[in-house]
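Shown next, in structure tokens, is the structure this report addresses.
The values are calculated or read from the model by the stated rules, or taken from the named source; none is laboratory data. Remember, it's a predicted structure, so these values are computed and weren't measured experimentally. Note: ideal-geometry Cβ built from the backbone for every residue, glycine included; neighbour counts use all protein chains shown. Quick note on the areas: whole protein, heavy atoms, side chains included, nothing else; ligands and nucleic acids left out. Shrake-Rupley method; radii C 1.70, N 1.55, O 1.52, S 1.80 Å.
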Amino acid sequence: MSKPSFVTFQMHLDEYSILGNENILTESPDFGTIWGNFFKKGGYDPILPFAADPKPINVWYTNKAGEKIYFQGLLVNKVDKVPEGYTLVKFPASDFLVVTYEWVPKQDYKEMDEINGGWKYIETLQIPNGYARYDGPGSPITIIEKDSSDSPEGSRYEFWVPIRKIG
């Protein structure tokens with residue numbers, strides 16, 4: 001199989017909520033421990049009943065206290081009771097430029113790893129006319145990652161870069 005080509009597209013989310021696990025990031029975060037703790041408490045199972053989309057999503061943002069956060073979870077609809085140990089976070093309506101690659105026919109981790117090059121691609125991303133990046137100070141979100149493994153379309157990993165209209 002050849003390397004998948006990178007793809008970008010623009011999308012909008014109306015106000016949305018994510019239910020999951022909030023992690024305050026330190027200077028050198030230990031993602032092995034972060035993920036281990038997430039699955040020890042139940043992983044996605046307790047939050048799946050509320051899912052608007054069952055595909056995992058990770059949100060990087062700065063909270064009101066100025067702490068850098070890595071948030072693992074799912075996009076959700078109505079949540080009548082937040083499961084113990086989890087957090088519900090609401091975000092304002094947002095526009096994104098999604099950086100991903102062509103769908104691969106099945107989950108092939110070698111091919112899925114190609115998106116790791118996407119981090120470099122994000123830095124030089126061509127922003128659509130009339131928009132500016134909105135992932136710096138004052139932005140509610142730094143970046144969102146979405147794992148779309150084993151979807152009907154195939155598998156791919158997405159990076160959602162916040163953008164906003166200028167003028």
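How much length would be gained if the chain were fully extended between Thr26 and Arg164, taking 0.36 nm per residue of separation minus their Cα-Cα distance, in nm to one decimal?
Separation in residues times 0.36 nm, less the Cα-Cα distance, equals 46.8 nm.
The label point for Ser139 and the one for Leu48, both projected 7 Å from the Cα toward the Cβ, are 3.3 nm apart. Calculated from the structure at hand, Rg and Dmax of the Cα atoms in Å is found among (i) 15.1, 45; (ii) 20.1, 66; (iii) 16.1, 47 as (iii). Annotation: extensible slack from Phe39 through Trp103 equals 20.3 nm (criterion: 0.36 nm per residue apart, minus Cα-Cα distance).
How much area per residue is accessible in the chain when the probe is 1.4 Å and only protein heavy atoms are counted (Å²)? If you can, show how the numbers build up before the last one.
On the way: 9490 Å² over 167 residues.
Using a 1.4 Å probe on heavy atoms only, each residue of the chain averages 57 Å².
For the stretch 12-167, the relative contact order works out to 29 percent when only alpha carbon pairs closer than 8 Å and six or more residues apart are counted.
Can you pick out the pairs among Lys78/Lys165; Lys68/Lys146; Lys55/Lys165; Lys68/Lys90; Lys40/Lys81; Lys81/Lys146 whose Cα atoms lie more than 22 Å from each other? Kindly include the intermediate steps, with their values, before the conclusion.
Numbers: Lys78/Lys165 29 Å; Lys68/Lys146 19 Å; Lys55/Lys165 28 Å; Lys68/Lys90 16 Å; Lys40/Lys81 20 Å; Lys81/Lys146 24 Å.
Among Lys78/Lys165; Lys68/Lys146; Lys55/Lys165; Lys68/Lys90; Lys40/Lys81; Lys81/Lys146, the Cα-Cα distance tops 22 Å for Lys78/Lys165; Lys55/Lys165; Lys81/Lys146.
In the stretch 1-85, inverting the average of 1/r over every pair of distinct C-alpha atoms gives 14.7 Å as the Kirkwood radius.
To put it simply, the accessible area of the chain at a 1.4 Å probe is 51 percent carbon and sulfur.
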